[in-house]
1. In whole Hz, with x marking every Gly and Pro, tabulate ³J(HN,Hα) for region 23-33 from phi via Karplus 6.51 cos²θ - 1.76 cosθ + 1.60, θ = phi - 60°.
2. Amide H neighbours of CYS172 under 5 Å, at least 5 residues apart or on other chains, H built in the peptide plane: list them.
3. Provide the FRET efficiency to the nearest 0.05 for the CYS190-LEU247 pair, computing r from the beta carbons and using R0 = 25 Å.
4. Which log10 I(q)/I(0) values, to two decimals, does region 4-289 give at q = 0.17 Å⁻¹ under the Debye formula with one point per Cα?
5. I need TYR35, TYR151, TYR136 ordered by Cβ neighbour count within 10 Å, fewest first.
6. Determine the sum of side-chain charges near ILE275: Lys and Arg each +1, Asp and Glu each -1, restricted to other residues whose C-beta is under 12 angstrom from that of ILE275.
7. Residue separation times 0.36 nm, minus the C-alpha to C-alpha distance between ILE80 and PHE25: what's the value?
8. Could you tell me the relative contact order of region 82-176? Use alpha-carbon pairs under 8 Å, at least six residues apart, and round to a whole percent.
Amino acid sequence: MAIFDLIGREGFVAAPAPPGVTPNFDHPESNGGMYMAGTLTTLCVAFIFVVLRLATKVSMAGRKLGWDDVLIVFALAFSIARATCFIVDIERYGIAHHVWDLRLPLNRNTWLLHRIGDIMWPPGILCAKVSILMYYLSIFRPSKVFRWTVYGTLVFTICYLVASTLVQIFWCNPVAAAFGIETPGKKVVCLDGYVTDLAIGALNLLTDIIILVLPMPMLYTLQLSQGRKLGLAAIFAIGGFAVGATLARNVEIAVKLKDSDADQTWDVMYEAVWISIELNVTIICSCLLVCPQLFRYVLTNTKVGQSLRSLFGSTRTTQNSASRGSLSGFNRRGPRSKHYLPQDSEIELDRKSARSFSDEIPDGVIRETRTVDQTIV
């Protein structure tokens, strides 16, 4: 039984209970806890990452906020609005209960909050995905092919999510019926929720995969340290989780919401929680792309970072001393001599060491060698 069909319906119970099940109107079973656990956990993490992102850009990096930052704030706002609608609906108006545990007529706010919550998702995920794509454009500027691919993905994402927003708003004819408002004397015609949600979910899954895979060829060609490679792997792993959430959402639609006579007020929460998780994880992924700036700031401008640098710096100094000690025998076997490196084997010194050399040494590059049996080592 679709939720909309229960609005204004006459009778005592919304639907008959399955054989052997007794309706419980006073203390109905609820799966709303599942929704709140999944949604609030990921929403809190997303909120923290957005705050860290903004702090990194403004306070630490000394940069102005860009459009990608503004969009991610809007995405978070839409996610909070969606979560608020569903939580109020769970706590007060009967969503997340079995349909046979609901008395008629069902409160119109049940459908109203459900509809408003659904409307919040397309613009929220749109802002998050556009933010990621704009960040791609800012870091991979030289590649024209990559940029045009991003532009194409950007246009496609905007088009289908704007269309999805309009579909959610104009779900019924007349439009007022989509929000649970009575339309006396008018025939109400609404979209097939199963087909519509499955189509939107499939398009969303496609763009998730494209956005996840898009930068991989570019990143493969970069020479990165092991730490940065691990960081990128973590970001892509979380991005893969977002793709998994979209896939799980589509499975829930295909399996549990296909039957129009199913336990809709209960089953709809499985789709709702995966939609919220997907939105929040996408926000987190967008912020993770910027977080390396935060880590660099912590390492260079805080006491914790200075302590870590001192610790690892001492370790490197000890290792270097040991290396020099192992070569001390060469001092007795041959005189020291200095040779400039070939152009293709330059080793750039740190600032302190570079300043110790005179200006006659080109580019602050030098190598100390020892001669043993006329052989330079």
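1. For region 23-33, the Karplus curve yields x, 10, 7, 7, 9, x, 5, 9, 10, x, x Hz.
2. ALA178
3. Values: r = 27 Å, r/R0 = 1.07.
Here the calculated transfer efficiency is 0.40.
4. Debye curve over Cα of region 4-289, log10 I(q)/I(0) at q = 0.17 Å⁻¹: -1.38.
5. Details: TYR35 25, TYR151 12, TYR136 22.
With the sparsest Cβ surroundings first, the list reads TYR151, TYR136, TYR35.
6. Once all neighbours under 12 Å are counted, the net charge is -3.
7. Working: separation 55, 0.36 × 55 = 19.80 nm, distance 3.01 nm.
Difference between extended and current length: 16.8 nm.
8. Numbers: 54 pairs, mean separation 27.2, N = 95.
This gives 29 percent for region 82-176.
Just so you know, all these numbers are worked out from the coordinates, no wet-lab data involved. Fair warning: this is a prediction, and the values are worked out from it, not measured in the lab. Don't worry about glycine lacking a Cβ; one is built from the backbone with ideal geometry, like all the others, and counts go over all protein chains shown.
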